[in-house]
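Take a look at the structure below.
The values are calculated or read from the model by the stated rules, or taken from the named source; none is laboratory data. Note that the coordinates shown come from a computational prediction; the quantities given were computed from them, not determined experimentally. Positions of Cβ are generated from backbone atoms using ideal geometry, with glycine treated the same way; all protein chains shown enter the neighbour counts.
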Amino acid sequence: MALRDRSFVFDGLESPLQLNDPAIVDLATRILHGWPVQDCPTDNHRDPFAEVSILGSDKWRVRAPQGATPEQVHDPVNAICDLIVEISWEQLRSRSDLLCLHAAAVEFDGRLVLMPNARRAGKSTLAVALAQLGHRVFTDDFLPIQRDPSTGALSGLANGIAPRLRIPVPQGVSDRFRAFVDGDGGPQNRQYKYLTDCPVPPHGTTAPIGAIVLLDRQDTPQVSRLESLSDADAISSLILQNFARHLNGGAILKALAALAEQLPCYRLVYSDVESAAALLSTCPELAALPAAHVDEPLDGRPSPLKTYQGSPHGLQHGAPALRLDGCEEVVCGSETFVATPDGRAIHRLNPGLGLYWRLLAEPTTVTETTEILAEIYPEVEIAQLRVDAGAAFDQLHHLGLIRSVPPSH
């Protein structure tokens with residue numbers, strides 16, 4: 001990264017980044033060492049997606065006009081943390097075909113094991129423990145996912161960013177692990193340390209996604225173990241960690257369902273991060289992993305269909321209701337996932353609500369639904385079934401999934 005110019009372009013990002021001091025350039029270079037960058041070409045007239053400046057001793061300002069918080073002031077390490085968030089969003093703005101998940105992704109024999117967990121679930125620490133065992137860390141935070149246009153395979157892209165570990169390291173880790181972290185010369189503050197010596201592949205390196213492992217860290221001592229995870233729970237965890245909001249919800253649902261249904265899915269129950277890493281590194285379940293495929297391209301249009309606003313007054317009393325055209329549906333056992341026609345939301349319907357959803361494939365009234373359910377559940381009072389059906393219709397309407405059918409003329 002050259003110091004003679006203040007504006008830079010990261011590989012794959014359309015808009016430049018403005019760094020207003022050589023010290024900022026130096027720190028960014030150390031942490032994002034695997035992401036190629038060049039001086040901003042003179043013909044790039046886009047406004048910077050972010051700007052970092054030094055205000056004073058240990059005070060750096062990050063300006064991001066399109067960010068959730070347009071301006072923040074932090075110490076240097078946390079400023080780079082914020083900058084990385086903005087880089088992830090700019091990557092999605094630059095490539096409309098990318099799916100992106102909050103997840104760690106670690107390479108196992110050419111396949112990525114995906115850990116789609118929320119913050120403080122232990123994914124970064126586990127990723128570092130796996131790095132210590134020789135596994136390449138594609139990311140410990142966010143994973144862009146692309147579809148190969150020729151094969152349909154879903155692959156993760158390495159971001160070229162050093163993993164970030166919360167410090168101090170957990171109590172009970174071995175002296176070897178502690179020495180591994182302490183011996184890394186990466187930058188740190190009171191909260192975090194970037195491990196710049198970890199094996200991180202260059203930005204843009206791809207590998208097929210081969211398995212999903214949901215982390216279940218326990219405070220009480222546990223023997224580390226892998227348990228089967230249902231497809232429905234895997235899809236839910238992936239949906240919760242998705243932040244590719246530019247993609248249509250139907251496309252997101254199809255891609256995430258492909259990952260959950262085609263790949264082995266596990267829950268890792270553990271209390272000790274090193275024993276958990278050792279289990280993952282040696283268990284036969286993560287050897288010779290498959291790869292997920294999706295038939296259709298990832299649709300980057302946010303609203304390919306006319307947005308349905310719904311009636312502010314609810315469904316018409318006594319009128320038949322019907323599913324909205326354009327909903328995308330995935331059924332996993334007794335669970336049903338439905339993406340709204342406007343592509344802006346994905347809902348998980350429990351078995352009860354899913355039953356009403358299936359009945360509404362044709363125009364159906366609350367009374368007709370009650371009569372059908374009375375045959376299925378003869379032990380339940382008719383009055384209760386009617387109340388339940390009315391509540392279910394209202395809920396599906398509130399979710400933007402059904403509408404009243406106007407009377408024919």
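Counting only strands (runs of 3 or more DSSP E) that fall entirely inside segment 45-107 and contain at least 3 residues that are out of contact with any His (no Cβ under 8 Å at 6 or more places or on another chain) and in contact (Cβ under 8 Å) with a residue 40 or more places away in the chain, the qualifying elements are 99-102.
Only one of these conditions is not met by residue 51: (1) crowded, with 18+ Cβ neighbours inside 10 Å; (2) under 29 Å from residue 252 (Cα atoms); (3) among the charged types (D, E, K, R). Which number is it? In the conditions (1) crowded, with 18+ Cβ neighbours inside 10 Å; (2) under 29 Å from residue 252 (Cα atoms); (3) among the charged types (D, E, K, R), residue 51 misses (2) alone. Give the residues of segment 24-44 that are in a loop (DSSP other than H, G, I, E, B) and either within 13 Å of residue 13 (Cβ to Cβ) or touching a His at 6+ places or on another chain (Cβ under 7 Å) (or both), sorted by residue number. Those that are in a loop (DSSP other than H, G, I, E, B) and either within 13 Å of residue 13 (Cβ to Cβ) or touching a His at 6+ places or on another chain (Cβ under 7 Å) (or both): 32, 34, 35, 36, 40, 41, 44.
Tallying residues that are at pLDDT 95 or above and of a type in the set (Lys, Arg) within segment 114-146 yields 1.
Only one of 184, 140, 175, 148 is crowded, with 24+ Cβ neighbours inside 10 Å and more than 20 Å from residue 264 (Cα to Cα). Can you tell me which?
Details: 184 fails: crowded, with 24+ Cβ neighbours inside 10 Å; 175 fails: crowded, with 24+ Cβ neighbours inside 10 Å; 148 fails: crowded, with 24+ Cβ neighbours inside 10 Å.
None of the other options fit; the residue is 140.
Mind telling me which of the residues 190, 217 ends up being surrounded by fewer than 17 Cβ atoms within 10 Å (Cβ to Cβ) and among the basic types (Lys, Arg)? Show your work before the answer.
On the way: 217 fails: surrounded by fewer than 17 Cβ atoms within 10 Å (Cβ to Cβ).
The unique qualifying residue is 190.
If the condition is being of a type in the set (S, T, N, Q) and either more than 27 Å from residue 31 (Cα to Cα) or touching a helix residue (DSSP H, G or I) at 6+ places or on another chain (Cβ under 6 Å) (or both), then segment 203-222 contributes 218, 220, 222.
Based on what the data block shows, is residue 14 in a strand (DSSP E or B), under 27 Å from the mean Cα position of the chain (by Cα) and not hydroxyl-bearing (Ser, Thr, Tyr)? Walk me through how you get there before you give the answer.
Working: in a strand (DSSP E or B): no; under 27 Å from the mean Cα position of the chain (by Cα): yes; not hydroxyl-bearing (Ser, Thr, Tyr): yes.
Answer is no for this residue.
When the criteria are applied in full, residue 351 fails the requirement of being touching a strand residue (DSSP E or B) at 6+ places or on another chain (Cβ under 6 Å), surrounded by fewer than 18 Cβ atoms within 10 Å (Cβ to Cβ), at pLDDT 90 or above and not aromatic (Phe, Trp, Tyr).
For segment 147-174, filtered to residues that are in contact with a strand residue (DSSP E or B) (Cβ under 8 Å, 6 or more places away or on another chain) and of a type in the set (Gly, Ala, Ser), the residue that is nearest to residue 31 (Cα to Cα) is 162.
In the set (1) part of a loop (DSSP other than H, G, I, E, B); (2) of a type in the set (Gly, Ala, Ser); (3) more than 21 Å from residue 291 (Cα to Cα), residue 150 fails one condition alone, (3).
When 232, 179, 211, 207 are checked against the criterion of being closer than 23 Å to residue 295 by Cα, among the aliphatic types (A, V, I, L, M) and out of contact with any Gly (no Cβ under 8 Å at 6 or more places or on another chain), 211 stands alone in meeting it.
Screening residue 112 on (1) in contact with a helix residue (DSSP H, G or I) (Cβ under 9 Å, 6 or more places away or on another chain); (2) touching a residue at least 60 places away in the same chain (Cβ under 8 Å); (3) assigned to a strand (DSSP E or B) shows it passes everything except condition (1). Here segment 245-270 is the region considered, the condition is being modelled with pLDDT under 95, in a loop (DSSP other than H, G, I, E, B) and not basic (Lys, Arg), and the residue that is surrounded by the fewest Cβ atoms within 10 Å (Cβ to Cβ) is 246.
Scanning segment 313-330 for residues that are modelled with pLDDT under 90 and either crowded, with 19+ Cβ neighbours inside 10 Å or touching a Lys or Arg at 6+ places or on another chain (Cβ under 8 Å) (or both) turns up just one, 315. Taking the criterion of being of a type in the set (Gly, Ala, Ser) and not in a helix (DSSP H, G or I), the only residue of segment 124-146 that qualifies is 134. Take the conditions (1) surrounded by fewer than 17 Cβ atoms within 10 Å (Cβ to Cβ); (2) over 18 Å from the mean Cα position of the chain (by Cα); residue 94 misses just one of them, which is (2).
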